[in-house]
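The values are calculated or read from the model by the stated rules, or taken from the named source; none is laboratory data. This one's a predicted model, so the numbers in the text were calculated from it and none came from an experiment. Cβ placement follows ideal geometry from the backbone for every residue including glycine, while neighbour counts extend to all protein chains displayed.
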Amino acid sequence: MSGTAVVPLREANLMNERTIAAMVVMALAIIALVILSLALAEAQGALNRVTRSSLNNLILGLQTDQELSQFSRMKRIDRIHRAQNLISQRQVTGSACAFFRIICDIMVGVLVACMAALGGMPLWEQLLCGVVMAILVAAISVTLGPRGRSRQPMEALLKHVRLVGMAVLLTPFKRRRQAEASARKNLRGELSDDEELEKIQIEQGRAMVDQLVEAGAFDPEISEMLKNVLTLSTTLTREIMVPRTDMICISKDASLDSALKLFSRSGFSRIPAIGEDVDDLVGIVYLKDVVRALAFNRKGDRSVASIIRRPVLVPESKPVDDLFHYMQRSRHHLAVVVDEYGGIAGLVTIEDAIEQIVGELEDEHDRVQHDEPKQIGPHTWQLPVRTPIADLEELYEITIDEDDVDTVYGLLTKLLGSVPVSGSSAVTRGIRLTAGEAVGRRKKIATIVVEPANGSNIALDLEDGAEQGDEQADRDQSEQDSQENS
């Protein structure tokens, strides 16, 4: 009897030992899977914050680091090359990390359920333990993984580059995802990975600025400037340039005296020099060069072509932030904008780029452009450039049949055939239009003086009309008085 009782006891002890060993192995496997899930989540979070350009800069830094040995340098460079290959297929790499992280979370839940089953728990408790553990591990990996645990994204990606590479290699749908990504880029012309990442970062920056503004962390003006800084990369040069129709140019054959007069009348310090037309750009004439040439050579018969400087050309599709840094580095305050066909589209100054950050730069003269028409003499009016032609017709009781222009500035421009400068005048329908002074930062004409032309009968007609109006008013008043007396 005792022999037969010892055998089941030994078998029970052996099964207990096997159960404990199995539970220990499962616990170790759960720990390994949790660490693997956190590592994949951390790598996936770093993958969305690292660009190929930053990795290239890191390679350049390693190549110039004299403290590293050749073996350590080549080892780190090889790891960076692996990371660059993963970045080149960012979507596939992110999908592989997410896929294996989900597998790890599911396996953790399954192993916990198996441990509960070995512990003799009921079936519903086994399922509950497995589901709760899987959800807990997934929540931890999602919460802690992308943050990188105070580690830099690039360092986190380089640390797990071999693990992520193996996950991409074992991903079953890798080839299909690569083909779909290539097809989408070819058909839709989508942005590259770095451009998409930059766009996402800009949107995140805007959202952060909005949150700071709502919290009252900055003044409204500072908040507006922060928003404008974030939009510099999406604003193109053609949106801030002065169009070619508003450009004031000078012929390359003009004399220095003529150039000095044009500088004085326009108020600009730099003017493009052209040949036959605006597209025949020769260079840029600087006021300082003209003054210097006339100071050392009193003869003003020299042509502008003798002091022309080479122009700075920029494409109209250049982002404003790149334009600002380029002009800052090259120390040029004016650049000529060209379109996709090589023609002159306009010109841009460094102040135009600064205005995109700090807002419109106006001085005490800019308010003149928004004033009302003002009579400055007998039959002489000072009109803002935006005054409609209909108001001009009403003032002088004339008809100006010009369908392609709407303002007095457009009318004067059409009559002159060029952009008006201070003092430019033209006559039409018996009235003379004269451009006023150039004011503001852009040195634009703010007002136009309108008066009857010499020898015109408009002044006489206006006087006769005024006298007739006075007589009619007197007659109306006398009739009204007679009616009251009766």
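A compact table of results
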| read-out | value |
| --- | --- |
| So ARG76, is it in contact with a Pro (Cβ under 6 Å, 6 or more places away or on another chain) and over 21 Å from THR171 (Cβ atoms) | no |
| Answer residue from the range 251-269, given it is buried (at least 19 other Cβ atoms within 10 Å of the Cβ) and in contact with a Leu (Cβ under 6 Å, 6 or more places away or on another chain) and is nearest to THR434 (Cα to Cα) among those | PHE263 |
| Any hit, the range 295-302, residues being under 12 Å from LEU256 (Cα atoms), surrounded by 13 or more Cβ atoms within 10 Å (Cβ to Cβ) and either in contact with a Cys (Cβ under 6 Å, 6 or more places away or on another chain) or modelled with pLDDT under 85 (or both) | yes |
| Residues satisfying the stated conditions in the range 230-250, i.e. more than 22 Å from GLY423 (Cα to Cα), surrounded by 17 or more Cβ atoms within 10 Å (Cβ to Cβ) and β-branched (Val, Ile, Thr) | THR237, ILE240 |
| Test: residue in the range 447-457 that is surrounded by 21 or more Cβ atoms within 10 Å (Cβ to Cβ), under 27 Å from VAL348 (Cα atoms) and at pLDDT below 80 | no |
| Close pairs from the range 124-139: first more than 17 Å from ARG101 (Cβ to Cβ), partner surrounded by fewer than 19 Cβ atoms within 10 Å (Cβ to Cβ) and of a type in the set (Gly, Ala, Ser), Cβ under 6 Å, at least 6 apart | GLN126/ALA117 |
| Residues that are at pLDDT below 85, over 42 Å from the mean Cα position of the chain (by Cα) and of a type in the set (Gly, Ala, Ser), drawn from the range 17-64 | ALA21, ALA22, ALA27 |
| Cross-chain or 6+ apart pairs with Cβ under 7 Å, the range 318-334 first and small (Gly, Ala, Ser), then at pLDDT 85 or above and crowded, with 16+ Cβ neighbours inside 10 Å | SER330/VAL312 |
| Residue check, LEU281 at pLDDT 85 or above, within 24 Å of PRO420 (Cβ to Cβ) and touching a Pro at 6+ places or on another chain (Cβ under 7 Å) | yes |
| Qualifying residue in the range 104-112 (condition: surrounded by fewer than 17 Cβ atoms within 10 Å (Cβ to Cβ) and at pLDDT below 85) | no |
| Any chance ALA96 is crowded, with 19+ Cβ neighbours inside 10 Å, free of Cβ contacts under 8 Å to residues at least 60 places away in the same chain and in a helix (DSSP H, G or I) | no |
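Listed here are the residues, each with its yes/no results for (1) more than 22 Å from ALA345 (Cα to Cα); (2) in contact with a Ser or Thr (Cβ under 7 Å, 6 or more places away or on another chain).
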| position | (1), (2) |
| --- | --- |
| SER255 | yes, yes |
| LYS261 | yes, no |
| ILE274 | no, yes |
| ASP277 | no, no |
| LEU281 | no, no |
| PHE296 | yes, no |
| ILE308 | no, no |
| VAL320 | no, yes |
